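Novice: Dropping a structure here in structure tokens format, bear with me for questions.
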Amino acid sequence: MSNHHRNLITLNRIVQTGAVNFIRNVSLAVAAMAVMVVTLTIILFSVVTNATFTNTIAQITSQISISVFLDSNVTDAQAKDFAAAIKKQPNVDKVDYLNKEQALQSFIKANQGQQSIIQAAQQATNPVPATIHVYPEDLNQIKPIEEFLTKPANQKLQTKDSPSYQGDRKEAIDNITHATNVLREIGIVAVILFAVISALIIFNTIQMAIFNRRDELQIMRLLGAGTWYIRGPFIVESIIYGILSALISVLIIDGAFAAASSALQASSLGLLDINYAHTYFTDNFLWLLTLQMALGIVLGAASSTIATQRYLKFKTTK
């Protein structure tokens, strides 16, 4: 019998033994899998919500601009040159230049239904200044744009109220970016915390399984069983924990988003766009399932490997 064939038989026995051990230790497995399910669910929810936040921020960013109000003495050519210079700055996505007439029409459109304001704006002398709308790529990186706009040479082209990234508007934009950053940080901390807890519980589960089978394992060693022949079933058992936990976590997230988007008829929860999150989850289902399976397998295998290494006192080679 060739070594390759012999190795396949050994591997098959290890997998079968691991599956049998999983069934034997199902009561212990429940506790390990429960925490692992929570860990993988948090990880999956974090991935989906991060993608959703990114999409939400992109939509918010596309609608938020820094308005630059130009002095009445600035010519159309000077305004276009200034707009072109702004466009070249880092973190600038696009720039829209509106002359006085275009700015007036935009103002009227934005204040539809408020006749007194519209009538005041339509007086003989157009009070609305020519305006440059600057759309940033990243709300976290607005400072360089503001510094460029507030240079003395550039401020001479603007009114006293320019740029508009000031006061309440500045605070609103900053609050949005701060909230999303905090939510991401909380997600990362939660993932790390539950991953550690999950690994410790699997570690203790394998330790208890080793203790319960200590006589059997001792006999196997006396009969000359190799290191991986004894350790392998425990790793297979933990991998089964990971696979089943991954499947359960995916079903939980799928059910949660389905319930939120249909039964609860919710389109959003604050910055979390439920409909987009559900669509993203559905469109990327296979990729997310693969990610969960991989994480579950790695988490289970790593925990059991450390446990067997420590408590069986094996060497790393046969």
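Values in this text are rule-based calculations from the coordinates and carry no lab data. What you are looking at is a predicted structure, and each value in this text was computed from that prediction instead of being measured. Cβ: placed from backbone, ideal geometry, glycine included. Neighbour counts: every protein chain shown.
Novice: By counting other Cβ atoms within 10 Å of each Cβ, how are Ile132, Ile248 ranked from fewest to most? Don't skip to the end; give the middle numbers.
Specialist: Working: Ile132 26, Ile248 18.
Placing the least packed residue first, the sequence is Ile248, Ile132.
Novice: Please report the net charge: other residues with Cβ closer than 14 Å to the Cβ of Asp76, K and R +1, D and E -1.
Specialist: Details: positive: Lys80, Lys100; negative: Asp71, Asp81, Glu101.
Combined, the nearby Lys, Arg, Asp and Glu give -1.
Novice: Considering only the other residues whose Cβ falls under 14 Å of the Cβ of Ala277, what net charge follows from Lys and Arg at +1 and Asp and Glu at -1? Each step should come with its number before you reach the end.
Specialist: On the way: positive: none; negative: Asp254, Asp273, Asp283.
Counting the neighbours of Ala277, the net charge comes to -3.
Novice: What are the residues whose amide H is under 5 Å from the amide H of Val92, where those residues sit 5 or more places off or on another chain and H is modelled from the backbone?
Specialist: Correct list: Glu137.
Novice: Could you work out the local net charge near Asn126, counting Lys and Arg as +1, Asp and Glu as -1, over the other residues with Cβ closer than 13 Å to its Cβ? Walk me through the intermediate numbers first.
Specialist: Working: positive: Lys100; negative: Glu101.
Summing Lys and Arg as +1 and Asp and Glu as -1 gives 0.
Novice: Please list, in chain and number order, the residues 5+ apart from Asp71 or on another chain whose amide H is under 5 Å from its amide H, with Hs placed from the backbone.
Specialist: Gln158, Thr159
Novice: Right, something else. For Tyr229, Tyr97, what's the fewest-to-most ordering of other Cβ within 10 Å of each Cβ?
Specialist: The order, fewest Cβ neighbours first, is Tyr229, Tyr97.
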